[in-house]
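Single-structure report; data block below.
No value in this document is a laboratory result; all are computed from the given coordinates. Computed from a prediction, not measured in an experiment: that's the story for all the values here. All Cβ positions, even for glycine, are placed from backbone atoms using ideal geometry, and neighbour counts span all protein chains on display.
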Amino acid sequence: MNGHFSEALLMAIQDTLERGEQVLLFQNRRGFAPQQECQSCGHVPHCKHCDVSLTYHKSTHRLRCHYCGYAEKTSTNCKACNNHDVKLKGFGTEKIEDELQGFFPEQVIRRMDLDTTRKKDSYENILNAFEDQEIDILVGTQMISKGLDFSHVGLVGVLSADQMLNFPDFRAFERAFQMLCQVSGRAGRKKSESQVIIQSFEPNHEILKLVKGHNYKDLLKGQLVERQAFRYPPYFRLIHILVRHRNRRVAEQASSFLATAMRTVFEQRVLGPEYPAFERLKGYYQKQILLKVERDLSYSDSKQKLSRFVNGLLSHDNFKGVKVRVDVDPF
């Protein structure tokens, strides 16, 4: 690897540019690096309002939370132990753009993500410049994955498919397949000899093989078998309940109160409460409960019973300020 590029991808980029064609590179994470870590004590700066590590943005030299917008100045010293050995971990679109400038200094390289498209007309300006071949390499997030039809794209590169494949969600494989097929579809819009290169530490992964063959039928078969076995949609109705409060203990007590009440009716269909991927977001601690209901059960009856339990929680004197969000068959 050279930086975050395999030799095969760098050679393909070089060959594509020499033919006078354009390159699209997909990395579904913005910023320069997802986290900054002290090599002495392991401290990672986190958002003050969310249970999320701060992303480093080189253009502004700031650490930023992508959930609530909190930002702080970056420092070369660790705030926990004052050690100078602080390193950046991971990579986003900003770092890919930075590395490409070193590999291809003569080429025009631009980036399309939320950070570069905030200003009025910036999104359209970047697309128009790429369409007019004023840009040689365009690096982007999922903004570049669908709906774009460019005539001169000779190569599409995916920098890290593993981030999508290893996401902790029962829909991860379906979403990864969809995203990879969509971004791959940006190549070969006008000419069949365009190329797609997907980088992964698991090149023989089942989903990558299905993407290579555009084999959505086998994806569907495999996913349906798993979802039936583990009681997920479309065989079961999945109801996601998120209980939130600014006090962690209240959030824990409220979610336990609700889950206990739900089990009196729904029994083993209730899973949790458990902390989601992020324990705290925008100042609120949160716990989640999953309810898996068979399709042959009355939906209106289940909804009515669940509403009664939620209203009972919200009207309880001990749980003032608790917020509850119910999402049926979440996507």
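With unit charges on the beta carbon (Lys/Arg positive, Asp/Glu negative), name the residue among L281, V310, Y299 whose Cα is farthest towards the positive pole of the charge dipole of the stretch 269-331. In the stretch 269-331, that residue is L281.
Annotation: amide H-H contacts under 5 Å for R246 (H modelled 1.01 Å from N, sequence separation of 5 or more, or interchain): Y285. Residue-wise HN-Hα couplings along the stretch 93-108, as the Karplus relation 6.51 cos²θ - 1.76 cosθ + 1.60 with θ = phi - 60° gives them from phi, are 4, 5, 6, 4, 4, 5, 5, 4, 4, x, 6, 10, x, 8, 8, 8 Hz; Gly and Pro carry x.
Of E279, E124, E134, the residue with the greatest mean-square motion in the GNM of the chain, using alpha carbon springs below 10 Å, is E124. Shown is the FRET efficiency for L88 and C68, computed with R0 = 22 Å from the Cβ-Cβ distance and rounded to the nearest 0.05: 0.55.
Taking every C-alpha pair closer than 8 Å and separated by at least 6 residues, the mean separation divided by the residue count of the chain gives a relative contact order of 16 percent.
For the stretch 232-263, backbone nitrogen atoms closer than 14 Å to the point 7 Å from H49 Cα along Cα-to-C-beta are found at 246.
Taking the charge dipole of the chain about its Cα centre, with +1 at Lys and Arg Cβ atoms and -1 at Asp and Glu Cβ atoms, the residue from L290, L148, Q14 reaching farthest to the positive side is L290.
Treat every Asp and Glu Cβ in the stretch 198-274 as -1 and every Lys and Arg Cβ as +1, leave all other atoms uncharged, and give the resulting dipole magnitude about the Cα centre to the nearest 20 debye.
260
For the pair R263 and E124, a Förster radius of 51 Å applied to the C-beta separation gives a FRET efficiency near 0.45, rounded to the nearest 0.05. Rounded if a/c is under 1.5, else prolate if a/b beats b/c, else oblate: with a ≥ b ≥ c from the C-alpha gyration tensor eigenvalues square-rooted, which is the stretch 236-328? Since a/c reaches 1.5 and a/b is larger than b/c, the shape of the stretch 236-328 is classed as prolate.
In this structure, the amide hydrogen of H46, modeled 1.01 Å from its nitrogen in the peptide plane, lies closer than 5 angstrom to those of L54, counting only residues at least 5 positions away or on a different chain. By the count of neighbouring beta-carbon atoms within 10 Å, fewest first, V156, V44, V310, V322 end up ordered V44, V310, V322, V156.
When both the stretch 263-325 and the stretch 32-106 are represented by their alpha-carbon centers, they are found 36 Å apart.
List, in the order given, every pair from K95/K209; K95/K146; K221/K323 whose Cα-Cα distance in the structure shown is over 31 Å. Intermediate values should be presented prior to the final figure.
On the way: K95/K209 28 Å; K95/K146 23 Å; K221/K323 38 Å.
Those over the limit are K221/K323.
Here K292 is the anchor, and the lysines within straight C-alpha reach of less than 16 Å, apart from those fewer than 8 places off in the same chain, are K303, K305.
Find out how many positive minus negative residues lie around L281, taking Lys and Arg as positive, Asp and Glu as negative, among other residues whose Cβ is under 10 Å from that of L281.
Working: positive: R244, R280, K282; negative: D51, E279.
Once all neighbours under 10 Å are counted, the net charge is +1.
Rounded to whole numbers, the Karplus 3J(HN,Hα) couplings from phi for the stretch 316-330 are 6, 4, 7, 10, 5, x, 6, 10, 10, 10, 10, 10, 8, 6, x Hz, using 6.51 cos²θ - 1.76 cosθ + 1.60 with θ = phi - 60°, and x at Gly and Pro. Spacing of the modelled spin labels on R231 and S75, each 7 Å from Cα toward Cβ, amounts to 4.9 nm. A compact globular protein would have a Cα radius of gyration near 2.2 N^0.38 Å; the ratio found for the chain is 1.17.
Of all DSSP-defined beta bridges confined to the chain, some 65% are antiparallel rather than parallel.
What is the dipole size for the chain, taken about its Cα centre, with +1 at each Lys and Arg Cβ and -1 at each Asp and Glu Cβ, in debye to the nearest 20?
Numbers: 48 positive and 40 negative charges, 367 e Å.
Dipole of the chain, to the nearest 20 debye: 1760 debye.
Both the radius of gyration and Dmax for the stretch 6-84 are 17.4, 52 Å, in that order, over alpha-carbon atoms. Stretching the chain fully between E252 and N318 yields a gain of 22.6 nm (0.36 nm per residue, less the alpha carbon separation).
Which order do peptides 251-264, 227-240 fall in by mean Cβ count within 10 Å, highest first? Working shown, then result.
Numbers: 251-264: 19.3, 227-240: 16.0.
Ranking the peptides 251-264, 227-240 by packing returns 251-264, 227-240.
Under a 5 Å amide H cut-off, with hydrogens placed 1.01 Å from N, G31 pairs with T93, E94 among residues at least 5 apart or on other chains. The slack in the chain from D162 to E279, taken as 0.36 nm per residue of separation less the alpha-carbon distance, amounts to 39.8 nm.
Only one residue of S75, Y56, G102 has its Cα farthest out toward the positive end of the dipole of the stretch 13-102, where Lys and Arg carry +1 and Asp and Glu -1 on Cβ, and that residue is S75.
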